[in-house]
Amino acid sequence: MAACHGHNEACCNIPPILASGYVPRGVYEDVGGLKTYTTGRADATKGIISIYDIFGYFAQTLQGADILAYGDENNKYKVFIPDWFKGNACPVEWFPPNTEEKQQNVGRFFSNPANAPQVVAAALPELVRALQTANPLIQSWGILGYCWGGKVASLITSGGSNPFSIAAVAHPAMVDPADADGVRVPFALLASGEEPPEMVKEFEARLQTAHHVETFADQVHGFMSARADLSDTRVKDEYSRGYKTVLEFFSKQWH
């Protein structure tokens, strides 16, 4: 299936990996009317909103949230993954979209106005207010977005209603260097080998804030979320290094 709706070809074709064996450390709760995976320390003073990819709650993404929450002994984070798709994430059975029916299904998912990154970005300030009310100890907020969620993170942090103090994106979909112009907070971009390198390079060149941009050249789009084949030693190592990189960036730049 060719690239569609602004996503790159890898995003539209690579199936996710069904990981097994990981037991998430967090719980699900209702926040602002959205089911939300919540993990981290009760006395956390910093909150991170994780924006998943189109496959929603996957073991690799939940494990990533747990790593963020507990992986830095010097910082206390609480991490939240809201279910923006409200139980209707893109089914894994549609990937790869190697039949006309699957291609039509994927196309409908991406063209659904409710699934537009712009819609979710616009809803984030209200969600942050709801989370702040429920977690009064948290003093500032960060965001991490994967693939589709990476575009959400770029849009909100480059807009006028940004509630976040820091941001990171992992293998973002729909990379647009113009988004970098409006970013006013520290920003990390971890690309896979399948994002357009010229777009990543220009995005970095246009960032005017503290930033870290790195390409994990031998990794596929989605290697830090649903497409991470953690049974592969190299993928697991780079998955872990990706989260370590985000934590180090947050620790250094989040004041």
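Read-outs: derived from the displayed coordinates by stated rules, not from any lab. What you see is a predicted model; the values in this text were computed from it and never measured. Cβ: placed from backbone, ideal geometry, glycine included. Neighbour counts: every protein chain shown.
Quick notes
- Neighbour-count order for H221, H171, H255, H211, fewest beta carbons within 10 angstrom listed first: H255, H211, H221, H171
- 5 angstrom amide H check on R41, placed H, neighbours 5+ away: Y77
- Positive-end extreme of charge dipole, region 81-137 - chosen from V92, L131, V120 (charges on Cβ): L131
- The chain: Lys pairs at Cα distance under 20 angstrom, eight or more positions apart or on different chains: 14
- Spin-label proximity, R129 to region 135-168 - amide N less than 14 Å from point 7 Å beyond Cα toward beta carbon: 161-163
- Mean shadow area of region 85-133 over all directions, Cα convex hull, nm²: 4.1
- Here is the size of region 142-190 from its Cα atoms: Rg then Dmax, 9.1, 24 Å.
- With a cut-off of 20 Å on the backbone N, the residues of region 57-94 near the modelled label site 7 Å out from Q139 along Cα-Cβ are 69-80.
- For the chain, share of DSSP beta bridges that run antiparallel, in % to the nearest 5: 30
- Relative contact order %, the chain, counting alpha carbon pairs below 8 Å whose residues are six or more apart: 20
- Here's the picture: charge each Lys and Arg Cβ at +1 and each Asp and Glu Cβ at -1 in the chain, and of Y22, Q103, T39 the one pushed furthest to the positive end of that dipole is T39.
- Compared with the direct C-alpha span, the chain from E100 to Y70 gains 6.5 nm at full extension, assuming 0.36 nm per residue.
- Shape call, region 79-169: gyration tensor on alpha carbons, a/c limit 1.5: prolate
- Taking a sphere under 10 Å around the Cβ of T39 and counting the other residues whose Cβ falls inside, with K and R at +1 and D and E at -1, yields a net charge of +2.
- Overall size of region 27-253 from C-alpha positions, given as principal axis extents largest first: 50, 38, 38 Å.
- Simple spin-label estimate for H255 and R184 in nanometres, 7 Å along Cα-Cβ: 1.7
- Each of I143, I51 was scored by other Cβ atoms within 10 Å of its Cβ. Arranged with the fewest first, they read I51, I143.
- If R0 equals 30 Å, the separation of the Cβ atoms of E202 and Q118 corresponds to a calculated FRET efficiency of about 0.90.
- Placing +1 on the Cβ of every Lys and Arg and -1 on the Cβ of every Asp and Glu, with nothing else charged, gives the chain a dipole about its Cα centre of roughly 700 debye.
- Of L144, L68, L247, the sequence from fewest to most neighbouring Cβ atoms within 10 angstrom is L247, L68, L144.
- Cα→Cβ-extended label distance, 7 Å offset, between S240 and D176, nm: 3.8
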